[in-house]
Every structure is written in C-alpha cells, then in structure tokens.
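See structure below.
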Amino acid sequence: MKLPPFKLERYFARYEFNTEFLLCSSDCESMSIADLLAFEDGAAERFHNHWLGYTESLGSPTLRKEIATIYSTTKPEDILVFAGANEAIYLFMMAALKENDHIIVHAPHYQSLSEVAKGIGCMVSPWRAREENGWALDLDELRHLMRPSTKAIVVNLPHNPTGYLMSLVDFDALNTFAQENNLLLFSDEVYRESEYAVADRLPAAVNYGTHAVSLGVTSKTYGLAGLRIGWLATKNRDLYNKMASLKDYTTICNSAPSEFLAELAMRHRTRLANRNLEIIKHNLTIVDDLFTRYSSLFSWHRPKAGSMGFPKLLRGDVETFCDDLVKKAGVLLLPGSVYDDAHNHFRLGLGRKNFPQAVERLEGYLSK
Ligand SMILES: Cc1ncc(COP(=O)(O)O)c(C=O)c1O
C-alpha cells in the first residue's frame, strides 16, 4: 500500500518544536506525569511499581473497563485500545475495507480519514461541510453520494478543523441511514466531551448499534497526547476481531506506563475536560474580540465544541500569510491547504494556556 505524505504532520514537523507560539494546536493544554499522578493518593507509588512487561493486546482489562464507562451501553469487551487514534483509524480501514469499495467522508478532514482508504484502493467521496451553513453537513447530499459499492460513512464530530457539531435529530437520522443501507459508520469522536454547552453533546455512535464504531483518545479533550492511547468502541464482533488480529502487525500491545496513566486519567476525565474547557472558553472571548476588531481581514464561524476554529483570511493568500507570520513573529497557524481547502481558511487552536500571549504577538504582527 502506498501512502502520500501526511500534509498536516509534515507541516508540523517543520515548526512544532522550534516555534515560540503554536496557535493552531488541536490538542488541549497538557500536564506533567507528576501533576497527573497527584490526582490520586498512592498513584505515584503504584506507578513506580508498575510492571514493564508486554501488556494484553486488546488493552489492559482495567483500562478497557474504565473506557467502557464513557459510553452508556458498552462493556469492556467492546473496547479495543491502540497507540493513539491514528493507529485505530488505520486498522479500522484495513479491517473494514477492500479494493474498489466506496466510502463517504466528512470533508474537510484529518487526512488519514480518507487517505488510508485510498491507499487500499477504495473510491472516496467527500461529504462537504458548507461554510455558508455554519459548516453543517446536509443529509440530502449524503443520499446523493451513495453508490452500490458504498461500504462506510466516516464522520468527525465535533469536527476538526471547524468545531461543527451535528444536531441530535441529524445524528439520529445519520445512524438510521447507515443501518437501513447496511453501511458502517466510523465516528471519529476524539473531541467529544469538549462541547461548550453540555446539552449539545451527541450520544456516541457506538450506542446506536453494531453498524457503528466510535473513536476516542486521551490526546485532545483531556490534553494527554504524549500517552499515545486511543481506542475504538464497537459492538460489531466480526469487525472487532479483525482489527484486534491486525494489531499484531502494528504495535502488538500498548505501552505499560501509558496504560497505567491513561486509566488514571480516564477515572478523572471530567476534571481534565473541565480544566481544558475553561481554557478554551477564556480563549474564545479573546479571539471573538480580535475578529471583531479585524472584521475586514477575517471572517469567523464560532465553533460549538472542540479546541479549534477555521477562520478565513479575506485578503491575501493564506499560505503566504502563515509563512510570513511564523518567520517574522514566531506564531504558527495552519493553512487550510493541508486540508485541501482552497478557500483561504486557516486553523486556529483554542486549547493552550499561552493563547492570550500568542494572540498579542499575532496582533503586533497585524498592526505592522
Ligand atoms: C479528527 C482526528 N482524528 C484523529 C486524530 C489522531 O489523534 P492522535 O494524534 O492522538 O492519534 C486527530 C489528531 O489531530 C484528529 O484531529
């Protein structure tokens, strides 16, 4: 299988660890191992004594038990743990798809959500989020994208990079559509539990039935990307077993220290999510002000969830703008071209504590 360069990762590789302000990160503010261990009495001691042998391939039973509580209807045996969400995407595609299958993918999107399928030899139709509709997906469009060979629909809600969240009515209808048409629904929910209003939170797709697979990770809402722990939740036994068996060819099992820390983090995930939501909400007030003051330069649909937005640069070319900004001001924004967006958008990350200082630096650049 041939995979092209992952544009977003290649862009980050150039700047992530040598730029002062990352103003486009998708993950929320992280913390030290010591800070996480301090969440529970005795955790530091238990961590020091944790065994460093191979771990159970499906994920440790106690971690899977903890993850299963995120969803209202799952059991530990419905959870399969991976080295981050990206491994989970890769192995889902490898297990579920074959050459000449057709899939429909929420667009713009995180690149691997379509690229792995293309690498397998599948046809991919983008299901486009429309900016003029607040980045909404239109279910009528989905119906028109269907082909006899359609095997799966891939959505990402809350959405990277727009922060769009579907209504419950539409999500119910999407699940019904997938079930009626015998399609798999791959629901990338890595930004779930970061909705600005809890009432907007969608049920996880896995709760709708065996057609669905929900993707989760410690990286985004909970701010623990360095753990590299992600998971799939599904009640589809056949698919679960295929993915579990393919994992023998990638990571075999997960890192023992990471599983320990992820289990601890998941026991306290509401605390972690609330801490990061506070950061996001504060940062949103700052950026709302900025975009009001610079309304002739940027347009902006305020996200409903997640740690990102996708504003549009109204004058000039966004790639040149981002390039000049990072070189002259040390502030990294992500041009929409890494998402194959041709409409001059850029990704803005909302989940970091130094956001106010980064925006100040950006504004200094703009005022020149
Ligand atoms: C929508 C989406 N899915 C999956 C991933 C992969 O997550 P991880 O880096 O934790 O594997 C990302 C990371 O940016 C993402 O934004």
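Tabulated results
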quantity	calculated
The chain - mean residue ellipticity at 222 nm from DSSP helices (-39,500 (n - 2.57) per run, n ≥ 4, rounded to 500)	-11500 deg cm²/dmol
Which of MET123, MET243, MET166 has the fewest Cβ neighbours within 10 Å, and the rest in rising order	MET123, MET166, MET243
Cα gyration tensor category, rounded, prolate or oblate, for the chain with a/c compared to 1.5	oblate
Of the trypsin sites (Lys or Arg not before Pro) in segment 290-345, those whose Cβ has at most 11 other Cβ within 10 Å and which sit in DSSP loop	ARG315
Antiparallel DSSP beta bridges within the chain, as percent of all bridges there, nearest 5	45 percent
The chain - percent relative contact order, Cα under 8 Å, separation 6 or more	25 percent
Potential extension, ARG237-THR176 segment - 0.36 nm per residue separation minus Cα distance	20.0 nm
In nm, spacing of pseudo-spin labels at PHE17 and THR292 (7 Å Cα→C-beta vector)	4.1 nm
Sites matching GluC sites (Glu not before Pro) across segment 88-160 that sit in DSSP coil, with at most 14 neighbouring C-beta atoms within 10 Å	GLU99
Mean Kyte hydropathy of -1.0 or more with a Cα span along the axis of at least 24 Å, helices from DSSP in the chain	269-293
Estimated inter-spin distance, ARG143 and HIS48, nm [label 7 Å along Cα→Cβ]	6.4 nm
Estimated distance in nm for a label pair at ALA34 and LEU314, the labels positioned 7 Å out from Cα along Cα-to-Cβ	4.8 nm
Tensor-based shape of segment 166-269 (alpha-carbon gyration tensor, a/c under 1.5 rounded, otherwise prolate or oblate)	oblate
Prolate/oblate/rounded call for segment 292-368, Cα gyration tensor, a/c under 1.5 rounded	rounded
Stretch gain in nm, segment ASP340-THR69, where the contour uses 0.36 nm per residue and the Cα spacing is subtracted	93.9 nm
Length released on extending from ASN207 to ASP324, taking residue separation times 0.36 nm less the Cα-Cα span	37.5 nm
Segment 25-172: relative contact order in percent, alpha carbon pairs under 8 Å with at least 6 residues between	17 percent
Segment 217-282, relative contact order [Cα under 8 Å, separation at least 6], %	38 percent
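Taken together, the values in this text are just the output of simple stated rules run on the coordinates, not laboratory data. Since we're looking at a predicted model, the values are computed, not measured. Cβ atoms come from the backbone with ideal geometry, glycine included; neighbour counts cover every protein chain shown.
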